[in-house]
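Nothing in this text is a laboratory measurement; each read-out follows from the coordinates by a stated rule. All figures in this text were calculated on a predicted structure; none of them were measured in a lab. For neighbour counting, all protein chains shown are included, and Cβ atoms are generated from backbone atoms with ideal geometry for every residue, glycine included.
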Amino acid sequence: MKLKTFASLLIILVVTKLVNAQSIPTISAVQPIVPTPEVYKLVEGQLILADNISVSSKDLPENIKTYLIEKLNHVYELRTTISAVSKDLIFKKIVNVPKDWYSINVNETITITYSSEESCFYAVVSLLQMIEGKNGELFIQKCFVQDAPNFQWRGLHLDVARHFYTVEEVKRFIDLMAFYKFNTFHWHLTDDQGWRIEIKKYPKLTEIGAWRDSTVNAHYSTIPRTYTVEKYGGYYTQEQIKEVVSYAAAQYITIVPEIEMPGHARAALAAYPQYSCTGEQQGVPGLWGVFDDIFCAHESTFDFLYGIMDEVLELFPSTYIHIGGDEAPKARWKKCKKCQAVIRENGLKDEHELQSYFIGKMDEYLTAKGRKLIGWDEILEGGLSPNAAVMSWRGMEGGLEAAKMKHYAVMSPGSHCYFDHYQSDSPSEPLAIGGYTPIEKVYQFSPIPTGLDNEGLTYILGGQANLWTEYIPTMQQLEYMTYPRALALSQALWCKSRPAYADFKATLLYHQFDFLERYNVNFSKAVTFAKYSLKNTENGVKLELAKEAADQSFNVHYSDTNGAHDQGLTKGDSIVFERTEINQVNPVKVEISNKFTDDKQGFTLIQHPSLGLKVELITKPSAQYSGKGGETLTDGILGTRPWKGNEWLGFQDQEIELQVDLGKVSAIDSIDLSFLQDEGSWIHHPYILRFSVSKNGKKWKYLKNAEIKTYEYTIDPNNLMPYRAILKSKGRFVSIKLTTFDVIPEGLPGENNVPWTFMDELIIYFK
Ligand SMILES: [Zn+2]
């Protein structure tokens, strides 16, 4: 790709400028380190890294020495010598400075001053990020850096249950975290679909619980579901776990293990069904979701879990132990004699208090062993256990509530910290669970909730991002989903004050993308994608750059009925796709390439006879799924299947009405309509479609004889319109009324609720 050349060119350009014109502000705009250090002061000139760098061994901790030498020698292909009298790179440990404080002074030599081993390591990773240029011609911009972290919990989470990652892959995940000064790795080791940690007392946990016979294909909500019938799984031996724990510790990362309870326990119950309420033998599921079968709350279950915890505590020295606690349906507990007896004997009000009792037992046990319990925010329900810390995922409220009660909290709200969500709206994104969390949004995250006093603030430990892996089957894709969003998160957790997003983006483009490439990270380049808009215009739709992309230049390549076109697109330009005059539907493949990076993105626009026509939504769509309003239906962009969020208009009304203005009285032949069917998300096709026409928008003629044809839709973009209504009428306005069935039938997800109607694009044909 061209970015590298561009970035190095820019640096050379700016550096030359510096020598001639002292243009320091330009250079400081591209400060290289992420997370941004507290102080970064430029000094004129660069320190050229000679082939042979002598590193002082004094005050250099042994494992950091190993780390530094390995990187300099093997990644940057420099030669290093270590000796007590070296002068090129010097370390000084000092006292009376804040914890984790460090400074780097780059002039004729490099001096690193630090307060703790951690901060010495942080200085070293900052230094690595400062190295510019190609192998053999490396330099560091002369500067002074001073730095210290803001929050103490700077975490990334990895789910190895839904998809398994090998020891080598987990180590790689840890290596990359360390570059961005994350210090907590939350290892989600057990879930319904797999138990991944060897427990010697209960060998069946891994013999049976680590393996499933099948895995669901496509998206969870795609009905009917199909499965890949193939044994899938894996686990870590206790020796491997110890190896990973010490590997992480060498990079100053604490591993917090998660053993899920009482819910998400199907893998454990497949191995030991006696700890469920029914005792029924069931397999390890190959489907995602939330299951009714959870751990029974009777005494023998606690003995089982304590036995597991005894071995977990031996392996993990972390203060915090995560016990899950989320998404535990109470259906089984309600019908279980043993659980009901526990409720009675302990004077509990209901099953929510039983959940609180369950967590309380684990809290007591962990506290007695000198550890602290942390769980997802559902552990607040039925009363928070005395020593428990809360990981807030359903928004910030759980963490806020915990901090108000003087319990520690880690913020990980789904809105900003779920990296299994989509990061761009490009159709080329790999299938994800849903949601939309672009890097700009992650950058806005702060772990500090509103409504806390100063004392409450001391209970906010920090934050973390979660990598749930239902839809992340490979390491390659895991890196893609994590990077560069993790860089934006590291800013939120490390920096006391963050630079503007535009400055952060410049650091990404001019430094960090090169750094990630140097370490062969498969990262997303969504920040370089054109942010564009398609707006209705007089004779069709108009493509323009959005404000955020106004500083960039793109080339647009597309072919329509007039042939192939290439056109530049910068601020102020627009490209109009006209509606077809004859009754023609013409898919136009549009490819937008970034002129600097060469990165390409694309979409298919359907040119059709009602492109860009005005649509009035008499019934308002739900605020979450309102797209661009009525324009969404005639912009030529068809909602994708599976649903990716923002192209569809979503309604939750039983009666939906909209009107199309054709601009002039016209002879109408027919109309094509498209709806989404996604039973898992409660989205259904409408039940009745009714059409009326009007010449003036006042007097309406109901077309009771409109003939409605339905088609099987496929993923073929030419055949995405499953309904055609033959109207054969004349008018300027067309009214469309949709009626859904009143409630979702029993036996289907969301039974007895009003179904959602998701609609995108309507095409009107003329005579
Ligand atoms: Zn029970």
For segment 185-312, with the dipole built from +1 on Lys and Arg beta-carbon atoms and -1 on Asp and Glu ones, taken about the Cα centre, which of TRP195, TYR220, PRO273 lies farthest toward the positive end? TYR220
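Nearest-5 percent of antiparallel DSSP beta bridges in segment 153-497?
Numbers: 8 of 42 bridges.
In segment 153-497, approximately 20 percent of DSSP beta bridges are antiparallel ones.
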Would you list the membrane-span-like helices of the chain, meaning whole DSSP H runs whose alpha-carbon atoms span at least 24 Å along their axis and whose mean Kyte-Doolittle value is at least 1.0? 3-21
Value of D in µm² per second that Stokes-Einstein yields for segment 112-247, Kirkwood Rh from Cα pairs, at 10 °C (1.306 mPa s): 86 µm²/s
DSSP loop trypsin sites (Lys or Arg not before Pro) in segment 448-547 with at most 16 other Cβ atoms within 10 Å of their Cβ, which ones? LYS496
In debye to the nearest 20, the charge dipole size for the chain, taken about the Cα centre with +1 at each Lys and Arg Cβ and -1 at each Asp and Glu Cβ, equals 1500 debye
If you consider only alpha-carbon coordinates, what radius of gyration and Dmax does segment 614-766 have, in Å? 15.1, 47
Can you tally the net charge around GLY382? Count Lys and Arg as +1, Asp and Glu as -1, for every other residue whose Cβ sits under 12 Å from the Cβ of GLY382. -3
Please check the chain for the longest run free of GluC sites (Glu not before Pro) that are loop-located per DSSP (anything but H, G, I, E, B) and have at most 10 other Cβ atoms within 10 Å. 281-537
Subtracting the Cα-Cα distance of GLU280 and TYR306 from 0.36 nm times their residue separation yields 7.1 nm
Positive end of the charge dipole of the chain (Lys, Arg +1 and Asp, Glu -1 on Cβ, about the Cα centre): tell me which of HIS74, VAL660, VAL754 has its Cα farthest that way. VAL660
Could you pull out the pairs from LYS542/LYS600; LYS335/LYS369; LYS547/LYS628; LYS505/LYS535; LYS589/LYS614 whose alpha carbons sit more than 22 Å apart here? LYS335/LYS369; LYS505/LYS535; LYS589/LYS614
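Work through the residues other than TYR687 whose Cβ is under 12 Å from its Cβ and net out their charges, Lys, Arg +1 and Asp, Glu -1.
Its environment carries a net charge of 0.
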Roughly how many whole Å is it from the C-alpha centroid of segment 376-406 to that of segment 136-163? 28 Å
Within a Cβ distance under 9 Å of LYS628, other residues only, what is the Lys/Arg minus Asp/Glu net charge? -1
Along the positive direction of the dipole of the chain (beta-carbon charges: Lys, Arg +1; Asp, Glu -1; about the Cα centre), which of GLY234, TYR723, ALA564 reaches farthest? ALA564
Amide H of SER559 versus every other amide H placed in the peptide plane: which residues, excluding those fewer than 5 positions away on the same chain, fall under 5 Å? HIS565, LYS589
Report the relative contact order of the chain, percent, no decimals, based on alpha-carbon pairs under 8 angstrom and at least 6 residues apart. 10 percent
5 Å is the cut-off here: which amide hydrogens, built 1.01 Å from N in the peptide plane, fall below it relative to ASP88, excluding neighbours closer than 5 in sequence? SER54
Taking every eigenvalue of the Cα gyration tensor of segment 276-419, multiplying by 5 and rooting it, what semi-axes result, largest first, whole Å? 24, 19, 17
Karplus ³J(HN,Hα) for segment 614-620 (6.51 cos²θ - 1.76 cosθ + 1.60, θ = phi - 60°; Hz, whole; x = Gly/Pro) runs 6, 10, 9, 8, 5, 8, 7
In cubic angstrom per residue, the convex hull of the chain built on its Cα atoms measures 184 Å³
Does segment 153-497 come out rounded, prolate or oblate, given a ≥ b ≥ c as the square roots of the eigenvalues of its C-alpha gyration tensor, rounded meaning a/c under 1.5 and, failing that, prolate meaning a/b above b/c? rounded
Can you tell me what percent of all Cα-Cα pairs in segment 342-424 are more than 14 Å apart? 64 percent
Principal semi-axes in Å for segment 529-607 [√(5λ), Cα gyration tensor, largest first]: 22, 14, 9
